[in-house]
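Following: one structure in structure tokens, then a few remarks.
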Amino acid sequence: MTGVDGGNRAAWQRAAEKYVREHDELLAEARAGGSLTAGELRVLEPVLRTAPRVVHLLSGHGLDDVGLLRAGARQVVGVDFSSVTTGAAARRADELRLSCAYVIAEIPPVPLADGCADLVYTGKGAVIWLADLELWATEIARILVPGGHLFVHEAHPMVPLWTWDTDEPRVRPDRSYFTRSHVNDTFPAHGAVEWQWTLGEIVTALADAGLSLVSLTEHPEPFWRPGGPDAAAWGGRLPNTYTLLARRV
């Protein structure tokens, strides 16, 4: 299955309007260095030291692109299916005179040439919008040069199971780790579909596409705290994010 669900597109076009409304705040954050975490930079530092050409799949607000450039990337091409998102990101990049370009496209496939990237970056809420994991992995391998790297920093696939209770972490009764998809909690009015891929499925899809695993680390810290509560699931006992680095053989 490929293509972006109509509900997902409508949801993200509407959600992306905040990036237009909050232009000044996001511009200030970009000037301060972007949104890469210290953990991401630790893993990426050896790759970014080589001044790679980066493709950012499902690039979102674009602040990660700023961080990649500040840390050594030669250029970044962001690909996202929201025209509002890519427009807002391109405007900030132009104002800061950054070597960023943005492409509006459904993923997968990726509308870029073979071997155009030394590093493919994706993460922070991207993988749940992928309806075809195998094609995604195959396209990443196609656009990477031999020896190029894929970096993923994402919500752990277990995260949709956790409740936001503050007293003790619990598993939601309406969710399963092995259910293929469910309606996204953030955009229920649009019926936006969130895809539930297990960690094993993600790693296997990349291996089948010809990428070798360099490192895979699971973390208790979430990259996003939805709704603002201090959920017990974020207290260090459960996985909430993971970081993956793979190399095209």
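The values are calculated or read from the model by the stated rules, or taken from the named source; none is laboratory data. Here the structure is a predicted model, which is why all the values come from computation and not from measurement. FYI the Cβ positions are ideal-geometry reconstructions off the backbone, even for glycines, and counts take in every protein chain you see. The accessibility values were calculated without ligands, DNA or RNA, using every heavy atom of the protein model including side chains. Shrake-Rupley method; radii C 1.70, N 1.55, O 1.52, S 1.80 Å.
For the condition touching a strand residue (DSSP E or B) at 6+ places or on another chain (Cβ under 6 Å) and under 17 Å from residue 126 (Cβ atoms), what is the one hit in 161, 245, 199?
Criteria check complete, one pass: 245.
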Q: Considering each of 114, 94, 80, 118 in turn, give the residue that is of a type in the set (Asp, Glu) and touching a Pro at 6+ places or on another chain (Cβ under 6 Å).
A: 118
**Q.** Scope the stretch 14-27; condition open to solvent by less than 60 Å² (accessible area, probe 1.4 Å) and modelled with pLDDT of 80 or more; matching residues
**A.** 19, 23, 26, 27
Q) Only one of 218, 194 is part of a strand (DSSP E or B) and closer than 21 Å to residue 8 by Cβ; which? A) 194
Q) If you take the residues in the stretch 216-249 that are among the small types (Gly, Ala, Ser) and open to solvent by less than 70 Å² (accessible area, probe 1.4 Å), which one is nearest to residue 155 (Cα to Cα)? A) 233
Q: Name every residue in the stretch 64-85 that is charged (D, E, K, R), more than 19 Å from residue 19 (Cα to Cα) and assigned to a helix (DSSP H, G or I), in order of residue number.
A: 70
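Out of the residues in the stretch 96-133 that are of a type in the set (D, E, K, R) and touching a Lys or Arg at 6+ places or on another chain (Cβ under 6 Å), state the one that is nearest to residue 35 (Cα to Cα).
If we take residues in the stretch 96-133 being of a type in the set (D, E, K, R) and touching a Lys or Arg at 6+ places or on another chain (Cβ under 6 Å), then 118 is nearest to residue 35 (Cα to Cα).
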Q | Yes/no for residue 224 being within 30 Å of residue 53 (Cα to Cα), in a helix (DSSP H, G or I) and among the aromatic types (Phe, Trp, Tyr) | A | no
Q: Would you be able to tell me the number of residues in the stretch 142-158 that are of a type in the set (A, V, I, L, M) and surrounded by fewer than 21 Cβ atoms within 10 Å (Cβ to Cβ)?
A: 3
Q: For residues that are in a helix (DSSP H, G or I) and open to solvent by 30 Å² or more (accessible area, probe 1.4 Å), scanning just the stretch 91-138, find the one that is nearest to residue 211 (Cα to Cα).
A: 138
Q.
Pairs please, first residue from the stretch 43-71 and over 22 Å from residue 106 (Cα atoms) and among the charged types (D, E, K, R), second anywhere and modelled with pLDDT under 95 and open to solvent by 40 Å² or more (accessible area, probe 1.4 Å), Cβ atoms under 9 Å, 6+ apart in sequence or on different chains.
A. none
Q. Filter the stretch 193-249 for residues that are touching a Ser or Thr at 6+ places or on another chain (Cβ under 7 Å) and of a type in the set (Phe, Trp, Tyr); which is modelled with the lowest pLDDT?
A. 223
Q. Going by the structure shown, is residue 54 buried (at least 22 other Cβ atoms within 10 Å of the Cβ), within 21 Å of residue 101 (Cα to Cα) and among the β-branched types (Val, Ile, Thr)?
A. yes
